[in-house]
Every structure is written in structure tokens, then in C-alpha cells.
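The values are calculated or read from the model by the stated rules, or taken from the named source; none is laboratory data. Keep in mind that this is a model prediction, so the values were computed, not measured. FYI the Cβ positions are ideal-geometry reconstructions off the backbone, even for glycines, and counts take in every protein chain you see.
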Amino acid sequence: MDEQLLVETRRSLHAVAELVVAGPQHRAAGTIRLRVTPGGFGGVATPMRVVGTELRWDGGQAPLAGTCRELARAAGVEVGAPVGLYADGSGVGPDRPLTVDAAAAEVLADWFARGDEALRSLAPGAEPVIWPEHFDLGVTLDEVNYGVSPGDAQVPAPYAYVGPWRPRHGEFWNAPFGALRTADELHDAGAVAAFFAEGRRLAAGL
């Protein structure tokens, strides 16, 4: 997979998540939380969701092309991020053209699905959340964040992470915020779950 194409697709999907799904959902239902859905992601309180290279809602669908403003208009919602809740975000404006490659979107959807399965194995009963400001999927247990990211400005490739609220030391902890492993190192949900479990053990000092 071409890294630049993956990065461009991730940025575009992040923009859709923030400006077309989470923002309208927050204005309608008061929550920015998103979740993993088959083939992509969607809202927890609205039917808006991304499946592959399409935006879908009750009664309609549209390809992830053009701009977020055009997608929102097609779906009958007001484009825009949640207001006043966070400083970070996709950095993509509502009128910037989207680039969503089908193969790259499938890679990212599969990574989110692997992460969702692994997080539910780590914490049965917990509900993993995709947060629109960073576009990562995670849960928090005993002051430790566990999750998967489709990539970001610091680490362009998809990765899994363990982020204790207090610093830990040792070979496992290979990132400023704790520990990370790339998707290439974790080939299935079981491997991601094992990474989380080891992080939980070491974070607890066991």
C-alpha cells in the first residue's frame, strides 16, 4: 500500500468523521462519540456511517467524493466539527476536496475492526469509542489508555498504543506517551489483544 495514498485517505476519512458525522451528531444528540461499524465507522446516536467509500444514512447514500460540505448537504445535515470541545482535529476544512482510495479505506476499516475486537477482549463489557478529534479508537482502564490509531502526524502508519497516565520505564515502553506497535507488527486481533494485555500487566507492575 502506497503510504501517501493511505495518509490522504486517512485524512479524508478523519474529516468526514469530524465534520459530517460527529459534528452533526453532537448538535442533534449531545455526543461526539463514534463507533466501529461493518466496513468503517459511524455515529452512536445517529444512523450516519461510512461503509468503504460511501457515506450512508437512513434513506440515502453518497460516494466519499467532492467535499465534506457537499456530503453534508446531500445527507441533510449541517457541516462542521463539534464546537468548543477540543483544540485538535483533522485540519481539513469543509471545502477541501476529499481523497478516498478504496484499497486504503479497506486497510483502515480492517485495522479499526481488529482494534475493536482486541479492546473488547481486553475489557469485556466496555464500549470502545472512536474520538473524532484524533480519529483513534480506545478505552481507558485503571488510568491507562488502550487503543488503535489509523496514523497521525507523528506516526503515519496505523498503530496500536498503550498510554499510562503516569510514565512507565522499561523496554516495552518505546514511545513518549507509553508504548506503540505498528499494524505490520500485529497481524490479527489476537496479536493486538496480546499487546494490550502485556501493557496492562506491565502498567500494573506485575
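Set side by side, the residues 118, 81, 123 differ, and just one is within 30 Å of residue 196 (Cβ to Cβ), in contact with a helix residue (DSSP H, G or I) (Cβ under 6 Å, 6 or more places away or on another chain) and in the same structural domain as residue 156 (by TED's automatic domain parsing), which is 118. The set of residues in the range 89-101 that are under 17 Å from the mean Cα position of the chain (by Cα) and exposed (fewer than 13 other Cβ atoms within 10 Å of the Cβ) contains only 91. Residue-level analysis places residue 202 among those that are touching a Lys or Arg at 6+ places or on another chain (Cβ under 9 Å) and over 25 Å from residue 9 (Cα atoms). When every residue of the range 80-90 is checked against the conditions, at least one turns out to be out of contact with any Ser or Thr (no Cβ under 9 Å at 6 or more places or on another chain) and at pLDDT 95 or above. Looking only at residues of the range 102-127 that are among the small types (Gly, Ala, Ser) and surrounded by 17 or more Cβ atoms within 10 Å (Cβ to Cβ), we find that the one that is nearest to residue 181 (Cα to Cα) is 115. Residues of the range 140-150 that are touching a strand residue (DSSP E or B) at 6+ places or on another chain (Cβ under 7 Å) and within 25 Å of residue 104 (Cα to Cα): 146, 147, 148, 149. Residues that are touching a helix residue (DSSP H, G or I) at 6+ places or on another chain (Cβ under 8 Å) and surrounded by fewer than 17 Cβ atoms within 10 Å (Cβ to Cβ) were ranked within the range 45-57; the one that is farthest from residue 149 (Cα to Cα) is 45. In the range 140-204, counting only strands (runs of 3 or more DSSP E) that sit wholly within it, the ones holding 1 or more residues that are surrounded by 14 or more Cβ atoms within 10 Å (Cβ to Cβ) and touching an Asp or Glu at 6+ places or on another chain (Cβ under 8 Å) span 144-149, 159-164.
Among the residues of the range 42-88, write down those that are among the polar types (S, T, N, Q) and either on the phi > 0 side of the Ramachandran plot or over 16 Å from the mean Cα position of the chain (by Cα) (or both).
Within the range 42-88, 46, 61, 67 meet the criteria.
Quick check on residue 54: is it out of contact with any Lys or Arg (no Cβ under 6 Å at 6 or more places or on another chain), under 13 Å from residue 100 (Cα atoms), of a type in the set (Asp, Glu) and at pLDDT 95 or above? For residue 54, the condition - out of contact with any Lys or Arg (no Cβ under 6 Å at 6 or more places or on another chain), under 13 Å from residue 100 (Cα atoms), of a type in the set (Asp, Glu) and at pLDDT 95 or above - is met. Within the range 5-28, is even one residue more than 21 Å from residue 97 (Cβ to Cβ) and surrounded by fewer than 16 Cβ atoms within 10 Å (Cβ to Cβ)? Yes: the range 5-28 contains one or more residues that are more than 21 Å from residue 97 (Cβ to Cβ) and surrounded by fewer than 16 Cβ atoms within 10 Å (Cβ to Cβ).
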